[in-house]
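Chemist: A single structure is presented below for examination.
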Amino acid sequence: MPESHNIWVEYTESDLDNTFQGHVPYSPVLYFCWTPPNQILLFQERLPAGKTIPIFFKRCKKTEQWILCPQAQEYAVVISTKYKDLHGWDDCVDGFIWVVKQTDKMYIVPVGAIVGPAHLVRENATSDRINSISLIYNHVNLDTYWTVY
Amino acid sequence: MEETLSHPALQGWHDIESANVFNLLSATDKWQNTRRAHLLRVQHCQKEPFLGPISQQVHHLRETHVCGVCRSIKLTSLIDASEDFGIPNFGQLFHAQIEEDWGEEICGLVLGYDQNVLIDSIFIKLQNGLLYYYQPFHCPTSV
């Protein structure tokens, strides 16, 4: 299973025990777009309150008229992680926040909910266990960074 | 240091000088700060301050989007993507996400209720990466 990087995702579900300031680190497996069929526009009235279908105008080549089309939806398939401690509390010994990667649990998240890259460091780099433990590396040494880059 | 300072700038707590340093000015703001614009403003005796608040429409504040379309694969079905990327329950995950986005009724009307049929008939476009418009690292002060 290809895993190249980790991302912070804004958490929208009600499981607040497994969030850190409303964010959870995930490992993306696949980014993809899906364009809904045009018939979805016929059902706009049946949308639940607060939900919308993003649309745009497109010029039809044959009739030369502007028509409404649903926008492509951007999603990412991600591997879930779970905080070792509730609410992402840091470890009392080392002060790091630890997460457990749950490779058996995958989710689809909208790309808009992705906040940015996360830096996870695996506890044992050589081990290839299913539920590997990683720490969230949250200290960026900016002096070193700007010296190097 | 620059990273730490650019974060408040992105949040809107900034002035025109810091925005200028971090190259956060929009095209309109840049134009308004040229010498010619200043002279014109002086000539017309405008009361508005020379260094006005900058507009928020800078590229750093846009949402994250996918990028890098796989040109060799135009469209692929959910079942193929499921096998290629090792996502065993892709159809169910997709159905659940659409249901969350637009509700159960719309999801059923558009995608149908049989998830086995869905996995064959839905075609997606694969992407290679993301375009981040936010800070390159998670903010040291908030994480």
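Nothing in this text is a laboratory measurement; each read-out follows from the coordinates by a stated rule. As the structure is a computational prediction, the values presented were derived from the model and not from experiment. Cβ atoms come from the backbone with ideal geometry, glycine included; neighbour counts cover every protein chain shown.
Chemist: Quick one: order B:Ser82, B:Ser77, A:Ser134 by neighbouring beta-carbon count within 10 Å, fewest to most.
Modeler: Details: B:Ser82 20, B:Ser77 16, A:Ser134 24.
Neighbour counts put them in this order, fewest first: B:Ser77, B:Ser82, A:Ser134.
Chemist: Could you work out the equivalent-ellipsoid semi-axes for region B:75-124, taking the square root of 5 times each eigenvalue of the Cα gyration tensor, largest first, in whole Å?
Modeler: On the way: eigenvalues 73, 22, 15 Å².
Working from the Cα gyration tensor, I get semi-axes of 19, 11, 9 Å.
Chemist: Which FRET efficiency, nearest 0.05, do A:Asp85 and B:Cys70 yield, Cβ-Cβ r, R0 35 Å? Please report the intermediate quantities before stating the final value.
Modeler: Values: r = 39 Å, r/R0 = 1.12.
The value I calculate is 0.35.
Chemist: Provide the gained length on full extension for the span A:Lys51 to A:His5, in nm with one decimal, where the gain is 0.36 nm per separating residue minus the Cα-Cα distance. Don't skip to the end; give the middle numbers.
Modeler: Working: separation 46, 0.36 × 46 = 16.56 nm, distance 3.09 nm.
Here the answer is 13.5 nm.
Chemist: In what sequence do A:Ile79, B:Ile124, A:Ile133 fall when counting other Cβ within 10 Å, fewest first? Before the final figure, lay out each step's value.
Modeler: Working: A:Ile79 19, B:Ile124 23, A:Ile133 16.
Result, fewest neighbours first: A:Ile133, A:Ile79, B:Ile124.
Chemist: For A:Cys33, A:Cys60, B:Cys70, A:Cys92, what ranking results if the residue with the fewest other Cβ atoms within 10 Å of its Cβ goes first? Walk me through the numbers on the way to the answer.
Modeler: Working: A:Cys33 18, A:Cys60 10, B:Cys70 14, A:Cys92 7.
Fewest to most other Cβ atoms nearby, the residues stand as A:Cys92, A:Cys60, B:Cys70, A:Cys33.
Chemist: Continuing with this model, one more query. If the limit is 29 Å between Cα atoms, which of A:Lys58/A:Lys105; A:Lys84/B:Lys74; A:Lys61/B:Lys125; A:Lys51/A:Lys105; A:Lys61/B:Lys74; A:Lys84/B:Lys125 go over it?
Modeler: Values: A:Lys58/A:Lys105 39 Å; A:Lys84/B:Lys74 41 Å; A:Lys61/B:Lys125 23 Å; A:Lys51/A:Lys105 27 Å; A:Lys61/B:Lys74 22 Å; A:Lys84/B:Lys125 35 Å.
Violating the 29 Å Cα-Cα cut-off are A:Lys58/A:Lys105; A:Lys84/B:Lys74; A:Lys84/B:Lys125.
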